[in-house]
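What follows is a short report on a single structure.
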Amino acid sequence: MKKAIRMSLAALLFTFLITALTGFGEGRASAGTLPEDLDGDGNDETVVWELSEDGETLESLTINGKDVYAATKVKEPFTGFYIDVFTFDTNTKDSFKELVVRVGIEELVEYYIYRYDKGSISKYAVIEEGSLLEQKTKNRIKVRTYRSVRGLGNFYVTAEYKVKSGKATLVTKTYKPDKTNEKVSFKSTKKLTLYTDTDYTEEAGILKKNEKFTLVKFEPGEEGFCSNVYVKTKSGVKGWINTESFGYSTFFIKNPPVWE
């Protein structure tokens, strides 16, 4: 019974996290017409879309009467538990605003992002996580998302993608927990050696037993889990540790950062 209750609470917390990241339920129109200047020429384009009766299939999507599906060679209509159509400015320094179709499938989210330029429709990128953020770098998309750190929990971070030829490639080398994380400081349960880099050959100092430390940044990991973390101790020592190399019970965590 206790196990079942814990599983139910974990499911509720997970649903809350995904809702917070994707912005589902923001109150945008579920179907209809959207006027917006997509190409920056001073004239509004007209975006028209139609959903199925159950709201789970985007049956049609046009810009100035041109079929987005046909223009981008989409063979099957988008389907999901939740579908939202809106515009977003992924780069505030250029003249474009992107048309976005956001599709929710269980705990997953997908953003299909399109550009309209001189009467032509093209697929700009597909992003499969988080919530879109405005930024100022050409051919880049940033999202607010979360990453799991073995032994520490889950942290809200910003991930950056490079866009080329309709594809988005993750380019973030290290993640820094953003300011919305409730917990980034922890306490070690044993003495640990910190290192100058992730080769773990040159020692940077010691994290003492029962000493408090702060998670500063961490590297992307395999299968969505990160274990190379850079920390700062209360005494001022900074360095890398691998949380997977000594087991997950090393840290005493009073309040998990997001959920576990």
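The values are calculated or read from the model by the stated rules, or taken from the named source; none is laboratory data. Predicted model, so just to flag it, every value in this text is computed and none were measured. Cβ: placed from backbone, ideal geometry, glycine included. Neighbour counts: every protein chain shown.
Observations on the model:
- Being within 19 Å of the chain's Cα centre (by Cα) and surrounded by 14 or more Cβ atoms within 10 Å (Cβ to Cβ) is true of Val103.
- Scan the stretch 97-117 for residues that are outside any strand (DSSP E or B) and touching an Asp or Glu at 6+ places or on another chain (Cβ under 7 Å) and the total you get is 1.
- Enumeration of residues in the stretch 220-245 that are part of a loop (DSSP other than H, G, I, E, B) and touching a Lys or Arg at 6+ places or on another chain (Cβ under 7 Å): Ser227, Lys234, Thr243, Glu244
- Pick from the stretch 202-218, criterion part of a loop (DSSP other than H, G, I, E, B) and at pLDDT below 95, ranking: nearest to Ser185 (Cα to Cα): Glu211
- Qualifying positions in the stretch 192-204 - over 20 Å from Thr174 (Cα atoms) and surrounded by 16 or more Cβ atoms within 10 Å (Cβ to Cβ): Leu192
- Among residues of the stretch 151-191, those that are part of a loop (DSSP other than H, G, I, E, B), crowded, with 19+ Cβ neighbours inside 10 Å and in contact with a Ser or Thr (Cβ under 7 Å, 6 or more places away or on another chain), counted: 2
- Output for the stretch 128-147, where each listed residue is hydrophobic (A, V, I, L, M, F, W, C) and either surrounded by fewer than 19 Cβ atoms within 10 Å (Cβ to Cβ) or closer than 21 Å to Glu219 by Cβ (or both): Leu133, Ile141, Val143
- Among (1) surrounded by fewer than 19 Cβ atoms within 10 Å (Cβ to Cβ); (2) more than 19 Å from Gly40 (Cβ to Cβ), the one test that Ile83 misses: (1)
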